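In what follows, a single structure is set out as structure tokens and then discussed.
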Amino acid sequence: MTRIATSHARLFAIALAGIVLEVAATVPFAIWHESYPALAIAPPIFGAVALAWLIGRYAVRRERERDRAVRKLGAFEAMTLDAILDVDPEGLVLAWNTAAQHLFSASLDDQVGRSVVDLAADDAARDALAELIRSSASGERPLAREAILTKADGTNAVFRLAGASNPTSAKSNGALLVITDVDEARRSDRQLRETRAKYDALVEQLPVITYLHAPGQRGAPLSVSAQVSPVLGYAQEECIGRPLLLVDAIHPDDRARVEHEVAAARQQIFRSEYRLVARSGRIVDVADVALTIRDDEGQPLYTQGVVVDLSERRRAVEERERLLARADALRDESSEGQARLAFLTEASRLLSSPPETGIGLEHVAALAVQSFADWCTLDLVEEDGHARRVITLHGEPRPARATDPAPDVDSLGLEAARTGRPVLEEDRICAPLISRGRVVGVFTFVATAPGRTYGAADLALAEHLARIGGLAVDAGRLYRQVQEGAEAARVLTFVGNGLLFVDQVEIVRLWNPAAEAIIGVAAEEVLGRAAADVIPGWRSLADRIPISSAPETGEPDTLPIETERGERWISISGVEFFGGTVYAFRDVTAAHRLDELKAEFVATASHELRTPLAAVYGAAQTLRRHDFALDESGRERFVALIIEESDRLSRIVNEILLANQLDAGRLDLFIEPFDPVDLLERVVESARTRAPAGVSIAVHVPDSVSAVGADRDKVRQVLVNLVENAVKYSPDGGKIEVGVTPLAASVQFFVRDEGLGIPSDEQARIFEKFYRLDPGMTRGVGGTGLGLYICRELVERMGGRISVESASGAGSTFSFDLPSADSTASRASISEERASPLTAESS
């Protein structure tokens, strides 16, 4: 940012030195010729010269320090992404940094001399900029605020505004404004959260253990994925911040090698395979790969790694090696035996694959027609005993057309399926697939090539394949059933609506967790029993539930039901089919109660608004009448009545608007340290002026109390509301005590009265929105039901907590805690003398 800096001290020193030198040069020589004693004035002159020289040196040094500071500030202004503007007290731009040029103009010359208020997109932004300039230029400490400004490209965006006085400005009483693009920051935060969510979702789905640690801190991982539990048996939290996973769990024989490999990696890519010891003592072979992530300058940020369980792969490799070794042992027997063994090994591997892989009988059939048969068919037997052909494959080249098997199950296949015994012929083998004592299919191998015949050895091989195939067919069916059942159970478990299924004789067959939570009856108490015996009020409720024959035609009805937790309102409908009736319902008690409270609030608010309106209208009509004259005091009474009732109307409307802001989340809080005692005394002083006769208000404050870090205006609003409530609910008069109490890290405010009090069973609800005590309990004292709700919301949003202690007819004590100010200065004890503390009672 361009700055104009002039050192007045330096100019003054140079001028003074010049004057002294001129006097020193002329005066002594002028008087030298007259008399020798004139030398007596030489020491003062040379002393003045020395003084001027020292002042000049000091001014030059200060000027250099100032230049260095200005250059440092200029470097910061060039690097920051925030717009920084130097303005005079009228808001005219003197200079701004590169970020400001990018945001609001093409160059400095386009904006210098123009008013910064011109950047505002609306009146609110203009007012905010003007107030910020005024407060910053006057030396005040303005609060940061947000406003909508217009960018250089013509678009509008939300910016955060901050300011401070600028003593180095070219204009006196200038100001520095810092403008931050809030939209860009929020967009970056949102993208960061989305990226983090995607990363977490990916890590949770990976079948590996992921970990993260600081560079060189392998023994204290910052995070470890939950997959560590099924692999090693350790809980996720046991491995975070501890050397358990990456150090202690490493097999003792591998630990030194792994430590050496980690050190040799030098924060580059680390790869190693070693053994881990699980909690149960089981040895787990793993592969560990880690990469150090660096910033743009090459500095390490963190190390991300994955640990892959190699146990299954090792076992598969070992099994494969065992089979290969067995094959090598039989290699010398005959080429035919070797081919059969290879076929058997591969077929066994395929049939032993998990059902979810989709590798099974069809792959075995394809393998068979390569070495064991010219044709291979598979017939499956359904649950009803019906057999159907599902696979027909041939080898290459294709056998003669005349030998093609029939498209349907042939007689030999039916015989094998019926008897459960294999059928062996010279050119054909039918081997039944049996599982759990039941035939589930038939493998048929057909030989058509010249010289190929089947014997006892071939039958043994086919029977072996059929036994494994039977297990594979049964496993596939069970897998599908389990999957279908698991999906259905998962849906029923996590669905938000309660589900009830009763059969044709009203016996409960389904009662999901949501139904348990809504009605309050456990599934084990309901399932298998009559609905009327276990569901409260079912007999009367069932007749009123709308029943339809299709899900899309039913309209739910809202009905009450009595539970152990009291009356609940549910939205319920049913669908009837041949097996019974399915009911779907959800708990709408809160919505129903809110509707009732809203209706009551509308009636109450209408009454509360109508009363002051009627008074204002009547007073205004009286003032307009000309049939009788009012004296000055009479007119003053009516005008005072209009003002008082208008103020009452304003308070009611403000309460409604503030409650709406709280619900919409549009309330801005300005947290700052302030003296709680000073605020308390001002509230009480104002309340005493309006307190009726018979009501006295006393203030109790300690000698020392910390500053409060909260929104001063909102705290004042809470105190005013609580004090007015104490006055309003003390119709018989009495003493009201208001005070503060210091706590460990907070300050407690309290308001205590001797009024009507609150019944114990009503205290839990008085802070709810629209809630009002029964007028019979409060002698008809009115209200909108929003005051205490607003108090609770304001206190909690400022980081505090509000509570009440009361008994019917014995008064009430409302108290709320707010945190102490964060800064050291704000936390300092406030114990200085106050001019006139309001500790005396006033009625």
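The values are calculated or read from the model by the stated rules, or taken from the named source; none is laboratory data. Fair warning: this is a prediction, and the values are worked out from it, not measured in the lab. Please note: Cβ atoms are built from the backbone with ideal geometry, for glycine as well, and neighbour counts cover all protein chains shown. Ligands, DNA and RNA are excluded from the accessible area calculation, which covers all protein heavy atoms including side chains. Shrake-Rupley method; radii C 1.70, N 1.55, O 1.52, S 1.80 Å.
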Please tell me which of these pairs span more than 29 angstrom C-alpha to C-alpha: 714/735; 151/714; 151/198?
-> 151/714; 151/198
Cut-off under 5 Å, modelled amide H: who pairs with residue 440 long-range | 433, 434, 435
Classified through the alpha carbon gyration tensor (a ≥ b ≥ c as square roots of its eigenvalues; rounded if a/c is under 1.5, else prolate when a/b is larger than b/c, else oblate), the range 680-778 comes out oblate
So, over other residues within a Cβ distance under 12 Å of residue 497, counting Lys, Arg +1 and Asp, Glu -1, the net charge is 0
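Ignoring ligands, DNA and RNA, what accessible area per residue does the range 361-475 give at 1.4 Å, in Å²?
49
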Want the number for residue 196 to residue 797: 0.36 nm per residue separation, take away the alpha-carbon distance, what's left?
-> 213.7 nm
Where labels lie 7 Å past Cα in the beta-carbon direction, separation of residue 689 and residue 457 in nm | 11.6
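At 1.4 Å probe size, with the rest of the protein present, what percent of the exposed accessible area of the range 363-479 is carbon and sulfur atoms?
54
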FRET efficiency for residue 408 and residue 509, using Cβ-Cβ distance with R0 set to 41 Å, rounded to 0.05 | 0.55
What FRET efficiency, computed as 1/(1 + (r/R0)^6) with R0 = 60 Å and r the Cβ-Cβ distance, is obtained for residue 273 and residue 762, rounded to the nearest 0.05?
-> 0.30
Using mean Cβ contacts within 10 Å as the protection proxy, how do 695-708, 288-301, 249-262, 367-380 order, highest first?
-> 367-380, 695-708, 249-262, 288-301
Distance from the Cα centre of the range 793-819 to that of the range 721-757, in angstrom?
-> 9
Stretch gain in nm, segment residue 144-residue 242, where the contour uses 0.36 nm per residue and the Cα spacing is subtracted | 31.0 nm
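Compute the length gained on full extension between residue 317 and residue 577: take 0.36 nm times their separation in residues and subtract their Cα-Cα distance, giving the result in nm to one decimal.
88.2 nm
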Shape call for the range 695-735 from the C-alpha gyration tensor, a ≥ b ≥ c root eigenvalues: rounded (a/c under 1.5), prolate (a/b greater than b/c) or oblate?
-> oblate
Looks like the range 521-594, by Cα gyration tensor root eigenvalues a ≥ b ≥ c and the a/c under 1.5 rounded cutoff (else prolate when a/b is bigger than b/c, oblate otherwise), is oblate
